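Single-structure report; data block below.
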Amino acid sequence: ADVDGVPAKFATLGLTYDDVLLLPGESDMTPEDIDTSSLVSRNVRVNVPLLSAAMDKVTEARMAIAMARQGGVGVLHRNLSIEDQARQVDQVKRSESGMVADPITIRPDATLEEADALCGRFRISGVPVTDGAGKLLGIVTNRDMAFELDRSRQVRDVMTPMPLVTGKVGISRDEAMELLRRHKIEKLPLVDPAGTLKGLITVKDFVKAEQYPLASKDSEGRLLVGAAVGVAGDAYDRAQALIEAGADFVVVDTAHGHSRLVGDMVAKIKSNFPRVDVVGGNIATRDGAKSLIDAGADGVKVGVGPGSICTTRVVAGIGVPQVTAIYDAALAAKEAGVPVIGDGGLQYSGDIAKAIVAGADTVMLGSLLAGCEESPGELLFINGKQFKSYRGMGSLAAMQTRGGGKSYSKDRYFQEGVSGDDKLIPEGVEGQVAYRGPVSAVVHQLIGGLKQSMFYIGGRTVPQMKENGRFVRITSAGLKESHPHDIQMTTEAPNYTRR
Ligand code: XMP
C-alpha cells in the first residue's frame, strides 16, 4: 500500500549511525550505577555488549581470550580447517579456568630448546613432564631452564623430579590456593591415585580472576567463546566439532541469512544440540529476522553491507542502512524474546549506544578491533606509522585459493561452487588500519563512551537504555557540527580519529 502518497516500493527511509543522534534524557544516576551486561543470544550473557567479528584478521584464539577477559566475547572465524578452528576453541576454553583439564606436557628426552619453543608457543612458564603413558615424572619451569647455557641438554636433567607437591583431582579452589601459597609454587599438577597427570592449577589463573573481574565465563569458570560456521559442504561437521571442543555458541555466518540454506542449518544444529545457542545471520529486515527465529535461532545478527570493508552495497546494490536494519529486525526479535547483534559499520563508541537504542542487545566489531595487538597478523610499519592489515571475508584475498591455499570463506557469499579465482565476485576489500594497542585499552574507551551515553539517556541497564533512548535525525550540517571543527587537531585523542 502507498504510504503518504509514496509508493510502497520506496516507502522506507533507511538511516544509519551518522544520520542520527541520541536525545539527552532525564537521568537520576551516576555512571557508577551502570550495568552494561547484555545477552548475545537466549542463554549467553556477557558483561560488556561487544563481540569481535568472525573475520580472519580479527578473531583467532588470542583475540577471543582478550575479548572474554574484558567482559565481551569473540567469534572465531571459519576461514581455516575444521581441526584448526576446533583447536582454537579448545585454546580459549583452556586458557583460564579454575583448572586446566588437559595441560600441555613435555617428554623427559626433549631438549631445552624444544621446551623453550613449547613455552613460547603456548605462552606458558612451565610444563609438567610425563612419560608416554601420561605418568607425571616432574615439572620443568623457566626457573629451572634460565641458567642453563647448553640448550641441547635434556629436560630430565634440569626438571624438578617427583616427588612434587601435587593435588588430587576435584581439589577445591581454596585448598589449591593454600597448597600453592604454603609451598611457594606457581603450578600445582593434579594426579590420580596411579600418578597419572589429570590437570594443572596455576597461580596465574587465580591472579587473572582478580585482574579481569568482568570476564565472561561459563558455569565452570572457563572463558566464553563463539565460533562461526557456514552452510555448504561439511559445515554441519564443523559445527559438531566446534561444539564438541566446547564452543558456547555457534554462529551460522553468511552474507544472506534470509535464505533457506541458513534457516535449515540453524534448525539442524539446534535439533541435534539443543543445549548450545545458535545465532543466525546476517539479515537486515523484519522478515529476515523472523525467518531465522522461526528456524529456531537463539540470536539474530543484523547487517548487510554496513561493514568498513564491505562492497555488497555497491557490487550488488543490496543492503539497509544499519540503524534502520537493526530497528526493523528488532521488531521481530523483541516479539520472540530473541537478542539482536548489530554487526558492522560502527566507527565510534557513540555508535554502540545508537545500535542499542535502535534495538540491538550487543554489537559486533571488525575494523575497531582489527588494529589491536591481539588480532592475527604482524605489525606493519609504513612511513614510520604502525598498522595492521584488515580485509573483508568476501575480499578476493580471503576467497581466493591461489598459491595452493584453500578458502573456506567463499560460501559466506554463496560462491563455493566457483572454481577459478578470476571468476569470483568479491564483496569486500583489503587494506590496513592504524595500530590501536591492546584490546583492554580499546574496550576501555568503547565502554567508557557507552557508559557516558547511558548516563545522558538515563538508562541504567542495556534494556532500560533501549526503552528510554530516543533519536533525533540530523542533516549533513548536523553531522559536521558533531565532529570537531574549526580546529587543526594537534594531539590524537584515545577515542577519536577523523576517518
Ligand atoms: P566493520 O565495519 O566493523 O564490519 O569493519 C565488520 C563486519 O563486516 C562484515 N563483513 C563483510 N561484509 N563483505 C561484506 O559485505 C565482506 O567482505 C565482509 N567481511 C566482513 C561482517 O559481518 C563483519 O562482522
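Ordering 485, 183, 77 by the number of other Cβ atoms within 10 Å of each residue's own Cβ, fewest first, gives 485, 183, 77. Computed over the chain, relative contact order equals 20 percent, with contacts defined as Cα pairs under 8 Å that lie 6+ residues apart.
Counting every C-alpha pair in the stretch 300-358, the share spaced more than 12 angstrom apart comes to 65%. Here the Karplus relation 6.51 cos²θ - 1.76 cosθ + 1.60, evaluated at θ = phi - 60°, turns the backbone of the stretch 478-485 into coupling constants of x, 5, 4, 5, 5, 7, x, 9 Hz, with x for every Gly and Pro. How big, on average over all directions, is the shadow cast by the Cα convex hull of the stretch 106-210, in nm²? For the stretch 106-210, the mean projected area of the Cα convex hull comes to 6.8 nm². Beta bridges from DSSP with both residues in the chain: antiparallel share about 50 percent, rounded to the nearest 5. Here the residues 119, 372, ranked from fewest to most Cβ neighbours within 10 Å of their Cβ, fall in the order 119, 372. For the stretch 364-479, the number of Lys pairs with C-alpha atoms closer than 29 Å, counting only pairs eight or more positions apart or on separate chains, is 7. Using the Cβ-Cβ distance between residue 162 and residue 219 with R0 set to 35 Å, the FRET efficiency works out to roughly 0.55. Extension gain for residue 211 to residue 12 (0.36 nm times residue separation, less C-alpha to C-alpha distance): 66.9 nm. In summary, the aspartates and glutamates within cross-link reach of residue 268, defined as a Cα separation below 19 angstrom excluding same-chain residues under 8 places away, comprise 234, 237, 244, 248, 253, 277, 294, 298, 411. Remark: the Cα gyration tensor places the stretch 248-362 in the prolate category, a/c being 1.5 or greater and a/b exceeding b/c. Bridgeable lysines around residue 9 (alpha carbons under 19 Å apart, same-chain partners fewer than 8 residues away excluded) are absent.
Measuring max minus min along each principal axis, the C-alpha atoms of the stretch 382-493 give extents of 54, 41, 33 Å (largest first).
With each label modelled as a point 7 angstrom along the Cα→C-beta vector, the residue 113-residue 150 pair spans 1.4 nm.
Rg and Dmax over the alpha-carbon atoms of the stretch 331-448 stand at 17.3, 52 Å. Per residue, the chain reaches -9500 deg cm²/dmol at 222 nm when only DSSP H runs of four or more residues are counted, each adding -39500 (n - 2.57). Computed from Cα positions, the angle between helix 173-182 and the longest principal axis of the chain comes to roughly 50 degrees. The dipole here belongs to the chain: it is taken about the Cα centre, uses +1 on the Cβ of Lys and Arg and -1 on the Cβ of Asp and Glu, and is about 240 debye. Fully extending the segment from residue 440 to residue 125, taken as 0.36 nm per residue of separation minus the present Cα-Cα distance, adds 111.2 nm. On full extension, the segment bounded by residue 37 and residue 490 gains 159.5 nm, given 0.36 nm per residue less the C-alpha separation. Taking the fewest neighbouring Cβ atoms within 10 Å as the starting point, the ordered list for 275, 94, 260 is 275, 260, 94.
Write down Rg/Rh for the chain, rounded to two decimals, with Rg from the C-alpha atoms and Rh from the Kirkwood relation over Cα pairs. Rounded to two decimals, Rg/Rh equals 1.01. Placing a label point 7 Å from the Cα of residue 471 along the Cα-to-Cβ direction, the residues of the stretch 10-50 whose backbone N falls under 20 Å from that point are 10-26. Once the Cα atoms are used to define both axes, helix 439-457 deviates from the longest principal axis of the chain by about 40 degrees. Relative to the longest principal axis of the Cα atoms of the chain, helix 235-245 runs at roughly 50 degrees. In terms of the mean number of neighbouring beta-carbon atoms within 10 Å, the peptides 234-246, 56-68, 36-48 order highest first as 56-68, 36-48, 234-246. Bridging of residue 187 to lysines at a Cα separation below 28 Å is possible for 93, 135, 168, 198, 204, 208, 217, once same-chain residues fewer than 8 apart are set aside.
Bear in mind these aren't lab numbers, they're just calculated from the coordinates by the rules spelled out. None of the values given here were measured: they were computed from a predicted structure. Ideal geometry is used to build each Cβ from the backbone, glycine not excepted, and the neighbour counts take in all protein chains shown.
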